[in-house]
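Engineer: Dropping a structure here in structure tokens format, bear with me for questions.
The values are calculated or read from the model by the stated rules, or taken from the named source; none is laboratory data. Keep in mind it's a predicted model, so treat the numbers as computed, not measured. Cβ placement follows ideal geometry from the backbone for every residue including glycine, while neighbour counts extend to all protein chains displayed. What goes into the accessible areas is simple: the full protein's heavy atoms, side chains included, and nothing from ligands, DNA or RNA. Shrake-Rupley method; radii C 1.70, N 1.55, O 1.52, S 1.80 Å.
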Amino acid sequence: MTQILDLAAPERLRPAQEPCPDCTCCTAVLCERGRYDVAECMAHTPAELAVMVAGCPCSAPTTRGTHAWRAEMIRVTKHATEAPMPVEAEEILRALTVSESFTDPGGFLRTLRARGYVTGTEEGAPLITEFGRRYITARTERRHATPVEVVSVDTRRRTAQVVVGWDIDAPVTVLLDQLMTSTQLPAEDLVGRFLEARANCHAHDADDLVLTRIQLSPDMPADWMNGGVWK
């Protein structure tokens with residue numbers, strides 16, 4: 001009998017697979033893969049079973065540390081720093097941050113809900129989400145130009161360990177595909193390379209560090225360690 005692997009609904013598999021201890025919809029193997037994929041558990045599930053794992057908390061963008069969450073943090077930060085919303089929309093988010101009342105003559109609340117910055121029904125009281133808070137934080141936080149040294153890559157988990165100005169002695173985890181897309185380099189060519197980026201180097205937690213505007217650093221002159229001048 002052919003063994004079916006990495007599907008949802010452990011009791012439907014032959015032979016049965018170990019259920020995930022953190023959710024009721026997936027196998028442990030599936031959630032292990034889903035949390036390391038921006039497309040979540042559904043990306044590793046046949047189409048006929050996708051509805052069963054949709055929104056799995058183990059891989060969802062609302063779960064801190066998943067790849068979907070990291071991708072959303074990047075999206076929100078780029079939105080805030082590169083193409084910000086109208087002031088009126090931001091004022092709503094700021095009011096929700098401190099539980100103040102607000103008015104919405106421009107009808108921005110619906111857009112904020114659609115972007116995932118606000119949750120709650122049309123009739124219920126709106127609440128700001130983690131991504132809404134990230135947007136507001138990114139509008140005012142100091143972002144610094146920083147060198148980025150790629151220490152290692154994990155092609156299975158699609159992550160990279162990099163050293164940035166946040167802490168030069170402690171590598172942090174970033175999405176490998178973000179580096180590859182920004183530099184147009186394959187994973188194996190990134191190891192040992194120096195890049196440049198903008199980052200919130202004053203973040204309190206490594207997972208809150210968000211890199212944007214990533215690019216390759218210019219090559220050093222061959223004699224720069226021997227008194228050469230870098231121009």
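Engineer: Within the group GLY116, GLY106, which residue is part of a loop (DSSP other than H, G, I, E, B), small (Gly, Ala, Ser) and loosely packed, with under 15 Cβ neighbours inside 10 Å?
Structural biologist: Of GLY116, GLY106, the one residue that is part of a loop (DSSP other than H, G, I, E, B), small (Gly, Ala, Ser) and loosely packed, with under 15 Cβ neighbours inside 10 Å is GLY106.
Engineer: Still on this structure: Take the residues of the range 151-171 that are in contact with a strand residue (DSSP E or B) (Cβ under 6 Å, 6 or more places away or on another chain) and either among the aliphatic types (A, V, I, L, M) or open to solvent by 50 Å² or more (accessible area, probe 1.4 Å) (or both): which is nearest to ARG213 (Cα to Cα)?
Structural biologist: Once the filter is applied, the top-ranked residue is VAL164.
Engineer: Now for a different question. Looking at the range 136-150, which of its residues are open to solvent by 50 Å² or more (accessible area, probe 1.4 Å) and either on the phi > 0 side of the Ramachandran plot or assigned to a helix (DSSP H, G or I) (or both)?
Structural biologist: THR137, ARG139, THR140
Engineer: Restricting attention to the range 1-27, report how many residues are open to solvent by less than 40 Å² (accessible area, probe 1.4 Å), at pLDDT 85 or above and either part of a loop (DSSP other than H, G, I, E, B) or of a type in the set (Phe, Trp, Tyr) (or both).
Structural biologist: 3
Engineer: Only residues that are within 19 Å of THR173 (Cβ to Cβ) and either assigned to a helix (DSSP H, G or I) or open to solvent by less than 10 Å² (accessible area, probe 1.4 Å) (or both): list them for the range 28-57, please.
Structural biologist: If the condition is that a residue be within 19 Å of THR173 (Cβ to Cβ) and either assigned to a helix (DSSP H, G or I) or open to solvent by less than 10 Å² (accessible area, probe 1.4 Å) (or both), then CYS31, GLU32, ARG33, GLY34 are the ones that fit.
Engineer: Still on this structure, please answer the following. Taking the range 182-198 as the search range and keeping residues that are open to solvent by 50 Å² or more (accessible area, probe 1.4 Å) and under 25 Å from ARG142 (Cβ atoms), which one is farthest from the chain's Cα centre (by Cα)?
Structural biologist: Ranking the candidates gives PHE194 first.
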